[in-house]
Structures are given as C-alpha cells and as structure tokens.
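Here the structure comes first, spelled out in structure tokens, and everything after it is commentary.
The values are calculated or read from the model by the stated rules, or taken from the named source; none is laboratory data. All of these numbers come straight from a predicted model, not from anything done at the bench. For neighbour counting, all protein chains shown are included, and Cβ atoms are generated from backbone atoms with ideal geometry for every residue, glycine included. These area figures cover heavy atoms from the full protein model, side chains too; ligands, DNA and RNA do not enter into them. Shrake-Rupley method; radii C 1.70, N 1.55, O 1.52, S 1.80 Å.
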Amino acid sequence: LITYVFGFGAFYVLACVIIPRRSQKGLGAIAAYRFIFFRFRPEWWFWGAVFLARNLLFALASVVDPGNPYTSMIYLGVVSWSFLVAQCLCWPWRSNILNALDTIILFSMGLIVFC
C-alpha cells in the first residue's frame, strides 16, 4: 500500500517536472500524460501534485493523534483552510465552477470542523 501511494505520487511529481521540458520538443509527450494537466489552467499545470498532497494530508488526519480526536479535528481544519487560501490565491481549475465548488467545499470543511 505504501509503495502504491508513494510510487504513484512520485510518478505524478516526476511527470509534472519532466513533461514541461519535453513539451518543447513536441506534443507527443503531453498527449500521453494529458490526464495530469488538462484539468488545470496552463500557468498552474503542477496543481495536480498539490491536489494529491492535499488528499494525502486529509487521509492522514486519523493518524495524527489517534487517541485525541480534538487534535485530528484541528489538523483537518488547518489543512482545509490552508489549502483554501492557496485555492483562492491561485484559482487553478480551468472552469470557474470547479474553482467555486472547491472553494466552497474547503470552506465548509473548515467551518464544520471549527464550529
């Protein structure tokens, strides 16, 4: 399981680093890895790696301090609102609807946890 999670994450980050350099040679490299880049605006092409990191951090909430649920809740709130700030500053999705939905979801998660 650890190999799968971190292996795919490493592949994803490596693709985010290598593909922009290879794209100058032709569009063949971009076509093979289109699933990584097509959801985000061109200036935020690497946001998929940030999105994977966000999901991993959310998944690790139960591991932070299993004996103390308040610590896990504060952790979830800090993670969600940290990524909310990044989301609002970058506005990375191609569609404004997706940007708005992601913003609302992150805000709601933080609000539910802190209130």
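Eigenvalues of the alpha-carbon gyration tensor of the range 1-114, scaled by 5 and square-rooted, set the equivalent ellipsoid semi-axes at 30, 19, 9 angstrom, largest first.
Computed over protein heavy atoms with a 1.4 Å probe, the carbon and sulfur contribution to the accessible area of the range 34-82 reaches 73%. Rolling a 1.4 Å probe over the protein chains gives Ile30 an accessible area of about 60 Å².
Placing a pseudo-label 7 Å from each Cα along the Cα-to-Cβ vector at Cys90 and Leu56 gives an inter-label distance of 1.4 nm. Using the Cβ-Cβ distance between Arg22 and Cys115 with R0 set to 41 Å, the FRET efficiency works out to roughly 0.30. When the helices of the chain are scored as -39500 (n - 2.57) per DSSP H run of n ≥ 4 and the total is divided over every residue, the value at 222 nm lands at -24000 deg cm²/dmol.
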